[in-house]
Structures are given as structure tokens and as C-alpha cells.
Amino acid sequence: MSKFVYNFDEGNKDMRALLGGKGANLAEMTNIGLNVPFGFTITTEACNNFYKNDEKISESLIEEIKTHIKDCESKLQKSFSSTENPLLFSVRSGAVISMPGMMDTILNLGLNDKSVIGLANSTNNERFAFDSYRRFIQMFSDVAMEIPKIYFENELDRIKEEKNVKMDTELTAEDLKILVEKFKKIFKQETGKEFPQDPIEQLIIAIKAVFKSWMNPRAIVYRKLNGIDDSLGTAVNVQAMVFGNMGNTSGTGVAFSRNPSTGENKLFGEFLMNAQGEDVVAGIRTPESIEKLKEIMPEVYDEFLRIAKTLEKHYKDMQDLEFTIEKGKLYLLQTRNGKRTTDAAINVAVDLVNEGLISKEEAILRVEPKSLDQLLHPIFNAEMMKNTPILARGLAASPGAASGKVYFHSKDIVDAVKSGEKVILVRQETSPEDIEGMVEAEGILTARGGMTSHAAVVARGMGKCCIAGASEIKVDEIERVIKTQNEVIKEGDVISLDGTTGIIYKGEIEKLNPKLTGNFKIFMDWVNEIKILGVRANADNPRDAKQAVEFGAEGIGLCRTEHMFFDKDRIPVVRQMILSENTEQRVEALEKIRPMQEKDFYDIYSVLKEKSVTIRLLDPPLHEFLPYEDEDIKNLAKEMNIDESHLRDVITDLEEVNPMLGHRGCRLAVTYPEIYRMQAKAIINAAIKAQKDLNISITPEIMIPLVGELEELKYVKREIVEEIEMTLKELNENIKYKIGTMIEIPRAALLADEIATEAEFFSYGTNDLTQMTFGFSRDDAGKFLNEYENKKIFDFNPFAKLDQKGVGKLVKMSFKLGRETNPHLHVGICGEHGGDPDTIEFLNSVGIDYVSCSPFRVPIARLAAAQAKIKQSK
Ligand code: PEP
Ligand code: MG
């Protein structure tokens with residue numbers, strides 16, 4: 001018979017798939033001798049069976065659970081239904097990958113009208129017993145039965161008012177007894193049933209609720225966003241209670257072994273004395289910093305520190321711990337690898353290498369490539385920040401800078417982002433229901449909650465700027481306003497958040513690019529030592545080129561020259577060229593463009609110096625440079641002093657039904673070779689000048705787009721070479737140069753062996769190659785691809801992540817064919833896919849030379865390339 005329940009001493013950390021993350025780690029901690037309250041884990045398989053079994057818990061599972069309760073009873077010398085010294089449990093969900101949106105904890109399960117007396121007697125503390133019972137009724141009702149919490153909170157507030165006290169702790173045992181009766185009444189009103197008195201029944205209901213929470217809409221949204229498989233299921237952890245609310249030598253808290261925002265090697269966390277877990281998270285009482293524990297209970301603090309270090313060494317990673325102190329005795333309730341910002345991830349990884357705990361390779365695998373984005377994005381302009389009024393301060397929960405209009409509801413955030421606004425989500429505190437708004441917002445601000453509140457934890461995970469617990473502000477979600485002492489910020493007003501300092505500003509602040517130094521540099525140097533795949537950038541102006549080099553680009557893989565043509569000072573001459581009636585007129589116009597192009601290339605060479613720059617000759621169809629609005633056509637005719645109807649005729653002539661498959665790329669040069677001749681001459685002139693001025697050596701790389709046939713390439717190449725040779729002769733100079741082609745038409749990929757005989761390099765234009773392999777128009781596919789993803793026809797958008805099966809097959813095959821006829825063929829990719837980590841892993845295995853992507857993705861691509869190499873060697 002299959003086993004669906006494991007005592008903590010039966011599992012280990014490698015059993016995550018079966019026991020969930022929490023269960024596996026509870027088992028591991030138990031087995032290495034830490035003080036973990038005993039309990040058992042019901043497996044993810046049991047959860048899957050629950051769904052197969054029409055959401056029923058089988059009799060055999062109930063029997064198995066009962067056996068494990070007996071184990072706990074004999075181990076702990078307490079009995080589950082005892083009216084003398086009752087065994088109580090906490091019940092928690094525990095998915096394989098920790099997930100917000102899943103069921104919260106239920107504490108004190110097993111209490112009923114009789115055992116509460118037993119608890120009072122055994123602890124000699126009636127107040128504590130009834131406080132535990134009222135908490136249990138409230139949590140059970142809220143979490144397992146979905147009775148709104150507010151009903152219970154209102155009763156609690158009412159009794160505090162009646163008794164004229166402020167704190168829950170000031171209520172007496174008698175008050176709490178009254179409250180228990182009121183809570184039970186609410187339960188009956190809402191469910192039509194008495195509050196269950198049988199502990200086994202309570203437990204089965206709670207376990208069912210955990211299983212059901214796996215399929216609640218919030219959990220489903222979260223899984224979809226994070227690509228987590230629905231079939232994993234969740235485990236349930238049932239653990240003997242220890243009490244943090246047993247008086248002033250008891251308490252509970254959460255702490256990280258290092259700072260999860262910065263990575264600093266220092267305990268970081270918070271705790272509350274005389275409290276149970278939910279008090280810390282709920283923000284009802286403000287927790288104290290873990291530092292304070294050192295003063296209150298120095299021995300417990302030292303022990304906790306020692307355990308945190310032991311667990312770090314054991315897991316070889318920063319840990320996120322939950323603990324309870326019961327009458328001075330420390331218990332561990334959870335450990336897991338702590339979620340952290342990217343900054344912290346890098347600092348921790350570098351420190352762990354320096355501490356000898358992990359290798360550089362392991363450190364590299366620890367940082368998610370896409371998360372580097374967090375570090376690459378701008379910070380506030382300090383000067384402007386000084387002059388912007390401060391609205392309030394809160395906790396610096398997740399670093400970064402964000403400006404945007406404030407909205408108070410997740411749905412409004414989603415709508416505002418759809419209409420192109422930058423927005424900040426403002427809430428009293430966030431809950432898993434806010435997840436979509438949190439994803440879309442630039443930043444998150446909450447008035448309540450600490451560094452471990454939902455907002456703080458989730459925002460850090462997302463790498464999103466967040467200020468939490470800004471108690472100086474009042475957030476009215478119904479009126480949709482933020483109030484400070486003397487200001488009111490309405491929905492739609494702009495504020496700025498500095499997640500690194502916790503300061504909230506009124507109005508917008510300019511952002512600046514970050515500097516990448518310190519551990520980031522060390523880490524990225526390791527990345528470079530390990531990776532084999534080259535990383536270049538797509539850039540067509542000196543500013544982007546400079547950014548790319550700062551981010552570690554080894555060259556430019558794609559300099560699109562058409563962007564230079566669109567410049568407003570140039571477009572008149574470009575149009576003159578297009579409207580030319582014969583070659584002479586065209587050459588005349590092109591001669592005016594040439595000096596400008598020379599300057600463009602010279603400026604880029606000045607930034608890149610001796611690094612490679614692949615310059616692609618003109619690619620788009622010519623009509624893209626002409627106006628199409630009536631008014632603009634009239635104005636242009638006037639400006640150019642030409643007949644308006646002639647202009648209209650030209651525009652009509654150039655119009656295309658399917659421009660992406662029309663007169664573009666090298667087809668332009670077949671018709672008008674003088675265009676590419678001009679560009680080739682400009683490149684050579686610029687390179688020769690830059691070589692001299694800067695005393696460097698440059699090998700220009702000239703790339704011909706949209707080739708599909710060898711003879712086509714030969715023709716265009718002949719024209720270019722002729723022009724270059726003439727230019728060099730005129731100048732009496734010599735320079736080495738390379739001519740290559742893009743592979744972006746399936747036919748070119750199929751005939752790559754032929755094409756490679758005339759090309760010194762290939763660069764895969766996977767944007768066009770994807771378009772033409774699928775037969776999806778790049779410009780139109782956006783309209784329907786979503787539906788493909790929703791209907792699970794595609795797992796991803798093939799314009800963002802390479803379709804390895806189809807387009808990838810062409811890449812692999814053509815790479816092999818090309819190298820067969822030209823063993824020196826240099827090969828890269830410059831489509832959007834060049835910055836996608838999964839695509840990079842694939843291309844690394846194919847063996848191409850480099851990827852090229854937008855400057856901001858260069859560090860991501862470098863890291864992905866190093867990870868690909870490490871995984872391949874493994
Ligand atoms: C491509 O097609 O992948 C490419 C890089 O060229 P463009 O996007 O300019 O067509
Ligand atoms: Mg292309």
C-alpha cells in the first residue's frame with residue numbers, strides 16, 4: 001500500500017516533490033538534531049488523489065493520519081483529545097515551490113470546550129487557554145471555512161471597547177471566555193452548524209481546506225505567472241504546537257540568516273514577545289528587530305544565531321527561519337532558502353564563495369539571469385530628489401526607484417497599465433488577491449506591515465520597489481486617498497518611491513542609470529571566466545553603444561543603419577533619394593547622406609574602439625521613409641518643391657500589400673546598388689579615419705540582410721567590394737574587412753552550405769526567421785498569439801523565446817551546413833531571442849560564436865551564457 005503520511009523523522013530535504021518544501025525541511029531539521037516540534041507531513045500525492053477522488057479524503061488516508069497522530073502522542077506524552085494535557089497542532093500548506101495564495105496557517109487545532117479546560121489546567125494559565133481557543137476559532141473559520149475575519153475582529157474590538165482596554169493582552173480570561181462564545185455563535189450563523197468539537201473532524205476539515213487552496217484562483221494566477229505546473233499539488237504539515245503566547249518568556253518571530261535586501265552577513269528579522277505567529281505577519285502589533293532579542297534573552301539569541309549559521313552551512317545558502325520561544329526554550333518551525341533581492345543574491349553568492357561554502361560555478365547558478373534586470377535599472381537623480389518634497393517615510397522593503405500615478409485597487413492598476421500609465425499600487429497592506437496589481441505596478445506602497453509582510457516578501461521576490469509599513473500615512477482604499485498630516489494624495493496623483501531608503505516623495509523624479517561595481521563586478525568577472533559564448537549588443541547610436549560596453553558587451557552584433565536615416569535632419573535627403581527619377585539623381589542625394597553616415601560610423605567606432613561592429617546595410621522598404629497622412633504629403637510636396645500628384649504617384653507605386661515580404665533588404669540593392677555602395681564607402685572611410693585618429697585597428701564587418709539565394713548575395717557583394725576597392729584605391733589605403741549575411745529567410749538556412757561560400761559570417765535574424773518559418777507576420781501576430789498561449793497551443797511567444805523545435809532546427813542545420821563549406825565561418829544571432837536565457841542555453845549547445853541583444857540585456861545574456869556552459873559541462 002502506498003504511503004501518504006510521513007513523520008518528520010522519516011523524510012529529508014531531498015524529498016521536496018513528495019513532502020513539499022516546508023515538509024522536507026522540517027524533516028531535515030529534525031534529522032540533524034534541531035529542536036523542531038514533532039509532527040507529520042501528508043504528501044503532495046495525497047493532494048493529487050484528493051482531486052482524482054472528487055475532492056474527498058479517503059478512509060484509508062484518515063486511518064493513516066490517525067496512526068501518525070498516535071506516534072505524536074506517544075512521542076510527546078500528550079493526547080490529541082485529552083481534557084487534561086491536550087496535544088494541539090498547527091496545520092499548514094507546503095507546496096514544492098513556496099507560493100503566496102495558498103492556505104494560511106491554522107494554529108491550536110484540537111481545542112474544544114473540554115480540552116480548553118485541560119490546557120488551562122496543564123499550563124496553569126486560564127487566560128492563555130481561552131486566548132488560544134478564540135484564536136483557533138477565528139483562524140479555523142477564516143482559513144478553512146472562509147468566514148470573513150472582520151466579523152471576529154469587530155467582536156474583539158467591541159469587547160475591548162466595553163472593557164475600556166487598548167491591547168488584546170489586557171483582556172482577562174473571563175473576557176476571552178465571552179469572546180469564545182461569541183465566536184462560536186458567528187460560526188453557527190455563517191455555517192448553520194455548531195463549531196466542530198471532535199479534534200479529528202477539525203483536522204480533516206483543515207486538511208481538506210489546504211488541498212482546496214491549491215486550486216483557489218489566487219494560487220492558479222500565481223502558478224501561471226511563474227510557470228509552475230498545476231499537477232505538483234501541495235503537501236500538508238501537521239505539527240505539534242509550541243506556544244509563543246505563554247507569557248513574557250515566550251515569543252515568536254521570523255528571521256533571515258543574512259539581510260535579504262542587501263545580503264549583509266548579519267541576522268535580519270523581527271519578533272514579538274508573548275505572541276503567536278499571526279500577530280507578527282498581521283501587523284496588529286509592531287514587531288521588534290531581532291537585535292532586541294539579544295537584550296531580552298541573550299542565551300536564546302545566541303542559540304538562534306548558532307542555529308542560523310548551522311543551517312546556512314548545511315544548506316549552503318542564506319536561510320529564512322521561523323521560530324517560537326516557549327517559556328525560554330527555542331523551537332524551529334521552518335527553514336528555507338531565503339527569497340532575496342538580486343543585489344543580495346549576488347552579495348550572498350560572492351560571500352559564500354569567499355567563505356569557502358560554494359564554488360564560483362555554484363554561485364553563478366544561484367542568480368536568476370532575468371533578475372539582473374533589477375540592478376540594471378535606473379535609480380533616482382540625487383539632485384532632483386533633494387528638491388522634491390518628502391511625503392512620508394516607511395520601511396525600505398525592496399530596493400529600486402519608482403514614480404507613477406497612485407491607484408488603490410489591483411484591477412485599476414491593471415486597467416491603467418493597459419492604457420499606458422506608469423502606476424504605484426497603494427494599499428493598507430497587500431494580500432495574495434493583489435498579486436496582479438503587484439505584477440503590473442512600478443512600485444508598491446503599504447501603510448501597514450513589517451519587513452516580512454506580504455508586500456515586502458512578494459515585492460522582493462519580484463525585484464519590485466516597495467515601501468511597506470509607512471505608518472505616517474493613512475490609506476483610505478474606499479475614498480481612494482492617501483492622507484498625511486497635512487496632505488491628501490488622490491487617485492491619479494503622482495508619487496515616487498525610493499525602495500532603498502523608504503522615502504516617499506510627492507511628484508515625479510528623474511531616474512539615472514546605475515553603476516555596476518563591487519561584488520557585481522566580481523561576479524560578472526567570474527561569469528566571463530566561465531562562459532564561452534560571446535555576447536554582443538544591438539546598438540545603432542553612440543549612446544546605446546556606450547551603455548552596451550559598460551554592461552560588458554564584447555562588440556556590436558547588429559547596427560541597424562535605417563535608424564540613422566530616420567533622423568529628422570536627414571529624412572529630407574533620404575526622401576530626395578527615394579524620389580529620384582534616375583540613378584544620377586539618386587547618387588547625388590546619396591552623396592549628401594554619405595558624410596552623415598560616415599560620422600555615425602566614426603562615432604560608433606570611437607566608442608567600440610577595436611571591438612567588433614557588425615553594420616547591417618539598409619533593410620526596410622523605402623515607403624517607410626515617406627509620409628502617408630494627407631496633410632503630411634501636401635507639406636512634403638511643398639517643402640521639396642515638387643508636384644503633389646507626382647509625389648502621390650510615387651507613394652502609390654511604393655505601396656506594398658505585404659511589406660515584410662516585399663521590396664526590402666538586399667532586394668533594394670539589387671534594384672539600386674548605389675544605396676549599398678554609398679553605405680559601404682561610408683563604413684570604410686569612417687574606419688580608416690577612426691584607425692588613424694585613435695591609433696587603433698579596425699576590421700569593418702558589413703552585413704547584408706534578407707539574403708535567400710547565393711547569386712543574390714554574390715551580386716550585392718560584388719557591388720560592395722567594387723566600391724570598397726575603388727575607395728581604398730582613391731585613398732591609397734588598405735584595410736581588412738569582412739562581408740557576411742544575415743540568415744533570416746528559411747531558404748538561406750536550407751542552402752547555408754552554398755551561402756557560406758560567399759559569406760565570412762552569418763548572423764541569424766531570428767525575428768524574420770521566426771516570422772517566415774511560422775508564416776506569422778511580425779506586425780500582426782501580436783493580435784492572435786495571446787490566444788495561442790491561452791489555449792495552450794503554444795507554451796510561449798515564439799517571437800520572445802526561440803522555437804527550438806522548428807526555427808531552432810533550421811539554425812542547427814544551417815550552422816552545420818555553413819561550417820561544412822566554410823570552416824572559418826563566424827556565427828552569431830541578432831534577433832530579439834539573443835537576450836533570452838533559454839534560447840541562449842540552446843544556442844550554447846549548438847555551438848555558435850555569440851549572441852547579440854539590446855544593451856540592457858547584455859549582463860543577463862552573459863550570465864545565461866555562463867550558466868549554459870556550467871550546465872553543459874555537468
Ligand atoms: C531579425 O530579423 O531578427 C533582425 C535582427 O532584423 P530586423 O529585426 O531588423 O528585421
Ligand atoms: Mg530581419
Legend entry - Count - residues of the stretch 823-874 that are hydrophobic (A, V, I, L, M, F, W, C) and touching an Asp or Glu at 6+ places or on another chain (Cβ under 8 Å): 8
Inset, instruction - Residues being within 16 Å of ligand 2 (Cβ to nearest atom) and under 30 Å from Ala690 (Cα atoms): count how many of those fall in the stretch 593-621. - result: 7
Legend entry - Those residues of the stretch 840-850 which are touching a residue at least 60 places away in the same chain (Cβ under 8 Å) and in contact with a Lys or Arg (Cβ under 7 Å, 6 or more places away or on another chain), in sequence order: Asn844, Tyr850
Inset, instruction - Considering only the stretch 43-139, give the helices (runs of 4 or more DSSP H) lying wholly within it that have at least 2 residues that are among the acidic types (Asp, Glu). - result: 59-76, 126-139
Inset, instruction - Check off (1) within 16 Å of ligand 2 (Cβ to nearest atom); (2) over 39 Å from the mean Cα position of the chain (by Cα); (3) within 27 Å of Asn685 (Cα to Cα) for Ser763 and give me the number that stays unchecked. - result: (2)
Inset, instruction - Could you check Ile358 against (1) touching a Lys or Arg at 6+ places or on another chain (Cβ under 8 Å); (2) not in a loop (DSSP other than H, G, I, E, B) and say which number it fails? - result: (2)
Inset, instruction - Out of Thr773, Thr727, report the one residue that is within 16 Å of ligand 1 (Cβ to nearest atom) and among the hydroxyl-bearing types (Ser, Thr, Tyr). - result: Thr773
Legend entry - Residue satisfying condition, being surrounded by fewer than 19 Cβ atoms within 10 Å (Cβ to Cβ), more than 31 Å from the chain's Cα centre (by Cα) and assigned to a helix (DSSP H, G or I), within set Lys313, Lys294: Lys294
Inset, instruction - Output the residue which, of all residues in the stretch 625-651 that are free of Cβ contacts under 8 Å to residues at least 40 places away in the same chain and surrounded by 15 or more Cβ atoms within 10 Å (Cβ to Cβ), is farthest from the chain's Cα centre (by Cα). - result: Ala637
Inset, instruction - Specify which of the listed residues (Val242, Val210) is part of a helix (DSSP H, G or I) and over 25 Å from the mean Cα position of the chain (by Cα). - result: Val210
Inset, instruction - Taking Leu654 as the residue in question, decide whether it is more than 16 Å from ligand 2 (Cβ to nearest atom) and surrounded by 19 or more Cβ atoms within 10 Å (Cβ to Cβ). - result: no
Inset, instruction - Test Glu598 against the stated conditions and say whether it is acidic (Asp, Glu), over 40 Å from the mean Cα position of the chain (by Cα) and surrounded by 15 or more Cβ atoms within 10 Å (Cβ to Cβ). - result: yes
Legend entry - Enumeration of residues in the stretch 697-736 that are touching a Phe, Trp or Tyr at 6+ places or on another chain (Cβ under 8 Å) and β-branched (Val, Ile, Thr): Ile698, Thr699, Ile702, Ile704, Val716, Ile720, Ile724
Inset, instruction - Working carefully through the options Leu425, Leu375, find the one that is in contact with a Gly (Cβ under 7 Å, 6 or more places away or on another chain) and either part of a helix (DSSP H, G or I) or crowded, with 18+ Cβ neighbours inside 10 Å (or both). - result: Leu425
Inset, instruction - Go through the residues of the stretch 791-799 one by one and say whether even a single one is within 16 Å of ligand 2 (Cβ to nearest atom) and surrounded by fewer than 18 Cβ atoms within 10 Å (Cβ to Cβ). - result: no
Inset, instruction - Can you confirm whether the stretch 820-835 contains a residue that is part of a loop (DSSP other than H, G, I, E, B), within 16 Å of ligand 2 (Cβ to nearest atom) and either without any contact (Cβ under 8 Å) to a residue 24 or more places away in the chain or not hydrophobic (A, V, I, L, M, F, W, C) (or both)? - result: yes
Legend entry - Matching residues in the stretch 437-457 - criterion: being aliphatic (A, V, I, L, M), over 16 Å from Val475 (Cα atoms), assigned to a helix (DSSP H, G or I) and modelled with pLDDT of 80 or more: Met438, Val439, Ala456
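This table checks each residue for (1) hydrophobic (A, V, I, L, M, F, W, C); (2) touching a residue at least 12 places away in the same chain (Cβ under 8 Å); (3) more than 23 Å from Asn7 (Cα to Cα).
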position	(1), (2), (3)
Thr252	no, yes, yes
Asn259	no, yes, yes
Lys266	no, no, yes
Glu270	no, yes, yes
Glu295	no, no, yes
Asp302	no, no, yes
Lys309	no, yes, yes
Lys329	no, yes, no
Legend entry - Single unsatisfied condition, Thr234 versus (1) surrounded by fewer than 24 Cβ atoms within 10 Å (Cβ to Cβ); (2) over 19 Å from Phe136 (Cα atoms); (3) not basic (Lys, Arg): (1)
Legend entry - Per-region count, the stretch 608-646, residues farther than 15 Å from Leu558 by Cα and not in a helix (DSSP H, G or I): 10
Legend entry - Identity of the residue in the stretch 609-635, over 21 Å from Ile593 (Cβ atoms) and touching a strand residue (DSSP E or B) at 6+ places or on another chain (Cβ under 6 Å), that ends up nearest to ligand 1 (Cβ to nearest atom): Ser612
Legend entry - Unique match (being closer than 19 Å to Leu618 by Cβ, touching a strand residue (DSSP E or B) at 6+ places or on another chain (Cβ under 7 Å), of a type outside the set (D, E, K, R) and more than 16 Å from ligand 2 (Cβ to nearest atom)) among Ile724, Ile720, Ile743: Ile720
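The values are calculated or read from the model by the stated rules, or taken from the named source; none is laboratory data. Quantities reported herein were computed from a predicted structural model and do not represent experimental measurements. With ideal geometry, Cβ positions are generated from the backbone for all residues, glycine too; neighbour counts draw on all protein chains shown.
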